[in-house]
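A quick write-up on the structure given underneath.
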Amino acid sequence: MPSSPSPRIGLGLGFVGVVIFGATLPMTRLAVAALDPWFVTFGRAAGAGILAAAVLAILRRPLPDRRDLPLYGIAMAGLIAGFPGFTALAMVTVPASHGGVVLGILPLATAIAAALVSGERPSLGFWLMGIVGAGLVCVFALRQAGGLHLSAGDVFLVLAVVAAALGYTVSAMLTRSRPGWEVVSWMLVLSLPVTIPAAWWFAPVDPGAVPASAWWGFAYVALFSQYIGFFFWNAGLALGGIARVGQVQLLQTFVTLAVATAANGEAVGPETIIFALAVAVVVLAGSRMRSG
């Protein structure tokens, strides 16, 4: 009998999700060139939240269980406020290609967070790969900064990794009771009482004076990075398997480098590519050593 096409479809959907997420930093950099980073942070969540509310209403999805609300709060803090906010602040001072390399450690950081939360006991090799990966990112950031200190942008990127790792771990716990896209949708909807007023407060005084490129970048991160990308990614994980499709995320850094070159005009040198490859190899090795 022919094999099921589901794994191949899952890989394809996962790759689409990676491409969507890989363009997040370059599009954020376009947006913060003329928009307040906090408007980009709260505005993208507000726009995606309004869309999510319409989807949930049309499909008549049930409200989240009250017992899960604390977990939703933690996930929202990491993925609705923390990661978007810290990356927006980082993109004010560092190139998107630089951020792409630093965020390349995110899959390994998420695995570490999951191990700590779930009580899993990863192998020694996994922890060693985590240390090596963190070391590579630190060396890259220090070399790019030209000294023995991290730039403010690098500090924000590290905080973004921590926020996303925690947010992804907690949201994964919530997907045990409902689909991933629905969890993301409710996170966005539950955050609307905060994100809509905050977006209005930080909105530009004269929207017409903002260049079209900044609005295009903002629209992308609001619709695709904050919401639509999760539909492809979560569907890919469900059809192709978390372990298999999760490896596709290793390509995300290289998508970021390519989009940063095309959209932001950034020159990606050989050093950046070498560090990106090294981080990808370490993340791959760590994912295969996770279980003792």
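The values are calculated or read from the model by the stated rules, or taken from the named source; none is laboratory data. A quick note: this is a predicted structure, and the numbers were derived from the prediction, not measured. Heads up, the Cβs are rebuilt from the backbone with ideal geometry, glycines too, and the neighbour counts pull from every protein chain shown. Please note that ligands, DNA and RNA were not included when accessible areas were found on the heavy atoms of the full protein model with its side chains. Shrake-Rupley method; radii C 1.70, N 1.55, O 1.52, S 1.80 Å.
So, of the residues in region 110-127 that are part of a helix (DSSP H, G or I) and either at positive phi or touching a residue at least 60 places away in the same chain (Cβ under 8 Å) (or both), which turns out to be surrounded by the fewest Cβ atoms within 10 Å (Cβ to Cβ)?
Filtering region 110-127 for residues that are part of a helix (DSSP H, G or I) and either at positive phi or touching a residue at least 60 places away in the same chain (Cβ under 8 Å) (or both), the one surrounded by the fewest Cβ atoms within 10 Å (Cβ to Cβ) comes out as 124.
Check whether at least one residue in region 133-146 is open to solvent by 40 Å² or more (accessible area, probe 1.4 Å), at pLDDT below 80 and either in a loop (DSSP other than H, G, I, E, B) or touching a Lys or Arg at 6+ places or on another chain (Cβ under 7 Å) (or both), and report yes or no.
yes
From the list 198, 278, which one is farther than 20 Å from residue 42 by Cα and either modelled with pLDDT of 90 or more or in a helix (DSSP H, G or I) (or both)?
Going through 198, 278 in turn, the sole match is 278.
Which one is most open to solvent (accessible area, probe 1.4 Å) among residues in region 170-226 that are charged (D, E, K, R) and within 30 Å of residue 117 (Cβ to Cβ)?
Residue satisfying both the conditions and the ranking: 176.
Among the residues that make up region 168-186, is at least one of them part of a helix (DSSP H, G or I) and more than 18 Å from the chain's Cα centre (by Cα)?
Within region 168-186, not a single residue is part of a helix (DSSP H, G or I) and more than 18 Å from the chain's Cα centre (by Cα).
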